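**Q** This is the structure, below, for whatever I ask next.
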Amino acid sequence: MSYGPDPQAIHPVPAHQRIVFLKALIHDPKIEIGDYTYYDDPENALLFAERNVLHHYDFLGDRLRIGRFCAIATGARFIMNGANHAMTGFSTFPFNIFGRGWDEGFDIGTITAGLRGDTVIGNDVWIGAEAVILPGVTIGDGAVIGAFSVVARDVAPYAIVAGNPAVERRRRFPPETIERLLRVAWWNWPIERITQNLAAIRGADIDALERAA
């Protein structure tokens, strides 16, 4: 019996090379990607780490963590802490990067003072085209990020956010249903159980999903 696509396949839909499973593609230790999370881009799908994860520098140590079963649309970008400029003095100009004497006396603490930590995307998150996720944001399981949104604050599980800055428009389900969904956490099931219970996962009957758990 087949249990879905190989999570290690880079192109899980061979007829559509624009779709890539990111876990198999990315080998940067600063980026963690869960199984079955994919990126869809007709031109640059294979360059996700280079084109979509920006200002991600080893010396700062921040990580991008994305869960399982996420769908990331064309052009979505993750701005990491390396984009920050010093905010502790009068000027935000990065004199030190140009060297030639301008690096003398530079204090890295003026940069690290503004770090916002890791960027964490939950499981089963849908990120729309050209959305921008700013440093240190946490997006909860099951959330939806509208196309062209700029996400500067944490997003609750199963929230739908949109705009610049992104604001919550509504929750996908009532609070009690969201609590039950987070307890079920179907994305953590073995893939065999997920495959056998796709009707419940794709459906809208939380009782059926709980029975499958």
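The values are calculated or read from the model by the stated rules, or taken from the named source; none is laboratory data. Please read all numbers here as calculations on a predicted model, not as lab measurements. With ideal geometry, Cβ positions are generated from the backbone for all residues, glycine too; neighbour counts draw on all protein chains shown.
**Q** With a cut-off of at least 1 residues that are under 23 Å from the mean Cα position of the chain (by Cα), name the helices (runs of 4 or more DSSP H) lying wholly within the stretch 135-213.
**A** Fully inside the stretch 135-213 and qualifying: 175-184, 191-196, 198-202.
**Q** Another question, if that's okay. Could you tell me whether Pro157 is touching a helix residue (DSSP H, G or I) at 6+ places or on another chain (Cβ under 8 Å), free of Cβ contacts under 8 Å to residues at least 40 places away in the same chain and either surrounded by fewer than 14 Cβ atoms within 10 Å (Cβ to Cβ) or within 18 Å of Val120 (Cβ to Cβ) (or both)?
**A** Values: touching a helix residue (DSSP H, G or I) at 6+ places or on another chain (Cβ under 8 Å): yes; free of Cβ contacts under 8 Å to residues at least 40 places away in the same chain: yes; either surrounded by fewer than 14 Cβ atoms within 10 Å (Cβ to Cβ) or within 18 Å of Val120 (Cβ to Cβ) (or both): yes.
Spelling it out, Pro157 is indeed touching a helix residue (DSSP H, G or I) at 6+ places or on another chain (Cβ under 8 Å), free of Cβ contacts under 8 Å to residues at least 40 places away in the same chain and either surrounded by fewer than 14 Cβ atoms within 10 Å (Cβ to Cβ) or within 18 Å of Val120 (Cβ to Cβ) (or both).
**Q** Next question. With respect to Asp118, is the statement that it is more than 22 Å from Ala143 (Cα to Cα) and among the acidic types (Asp, Glu) true?
**A** For Asp118, the condition - more than 22 Å from Ala143 (Cα to Cα) and among the acidic types (Asp, Glu) - is not met.
**Q** Going by what's in this entry, would Asn123 be described as touching a residue at least 12 places away in the same chain (Cβ under 8 Å), touching a Cys at 6+ places or on another chain (Cβ under 8 Å) and either polar (S, T, N, Q) or not assigned by TED's automatic domain parsing to the domain that holds Asp62 (or both)?
**A** yes
**Q** Can you tell me which residue within the stretch 52-104, out of those that are of a type in the set (Phe, Trp, Tyr) and free of Cβ contacts under 8 Å to residues at least 60 places away in the same chain, is surrounded by the fewest Cβ atoms within 10 Å (Cβ to Cβ)? Steps first, please.
**A** Let us first name the residues in the stretch 52-104 that are of a type in the set (Phe, Trp, Tyr), namely 57, 59, 69, 78, 90, 93, 95, 98, 102.
Among the residues that remain, those that are also free of Cβ contacts under 8 Å to residues at least 60 places away in the same chain are: 57, 59, 78, 90, 93, 95, 98, 102.
On the way: Tyr57: 12, Phe59: 8, Phe78: 25, Phe90: 5, Phe93: 12, Phe95: 15, Phe98: 10, Trp102: 13.
Per the stated criteria, the residue is Phe90.
**Q** Restricted to the stretch 1-46, and to residues that are aliphatic (A, V, I, L, M) and under 21 Å from Asp118 (Cα atoms), which residue is surrounded by the most Cβ atoms within 10 Å (Cβ to Cβ)?
**A** Once the filter is applied, the top-ranked residue is Ile33.
**Q** Also: Tell me, please, whether a residue that is within 11 Å of the chain's Cα centre (by Cα), under 20 Å from Val132 (Cα atoms) and modelled with pLDDT of 90 or more can be found in the stretch 47-62.
**A** Yes, because at least one residue in the stretch 47-62 is within 11 Å of the chain's Cα centre (by Cα), under 20 Å from Val132 (Cα atoms) and modelled with pLDDT of 90 or more.
**Q** So Ile191 fits all but one of (1) touching a helix residue (DSSP H, G or I) at 6+ places or on another chain (Cβ under 9 Å); (2) in contact (Cβ under 8 Å) with a residue 24 or more places away in the chain; what number is the exception?
**A** Result: Ile191 fails condition (1) only.
**Q** Which one is surrounded by the most Cβ atoms within 10 Å (Cβ to Cβ) among residues in the stretch 105-128 that are in contact with a helix residue (DSSP H, G or I) (Cβ under 6 Å, 6 or more places away or on another chain) and among the hydrophobic types (A, V, I, L, M, F, W, C)?
**A** My answer is Leu115.
**Q** On the given criteria, is Ile178 in contact with a helix residue (DSSP H, G or I) (Cβ under 7 Å, 6 or more places away or on another chain) and either farther than 23 Å from Ile33 by Cβ or of a type in the set (A, V, I, L, M, F, W, C) (or both)? Can you show your working first?
**A** Working: in contact with a helix residue (DSSP H, G or I) (Cβ under 7 Å, 6 or more places away or on another chain): no; either farther than 23 Å from Ile33 by Cβ or of a type in the set (A, V, I, L, M, F, W, C) (or both): yes.
It is false that Ile178 is in contact with a helix residue (DSSP H, G or I) (Cβ under 7 Å, 6 or more places away or on another chain) and either farther than 23 Å from Ile33 by Cβ or of a type in the set (A, V, I, L, M, F, W, C) (or both).
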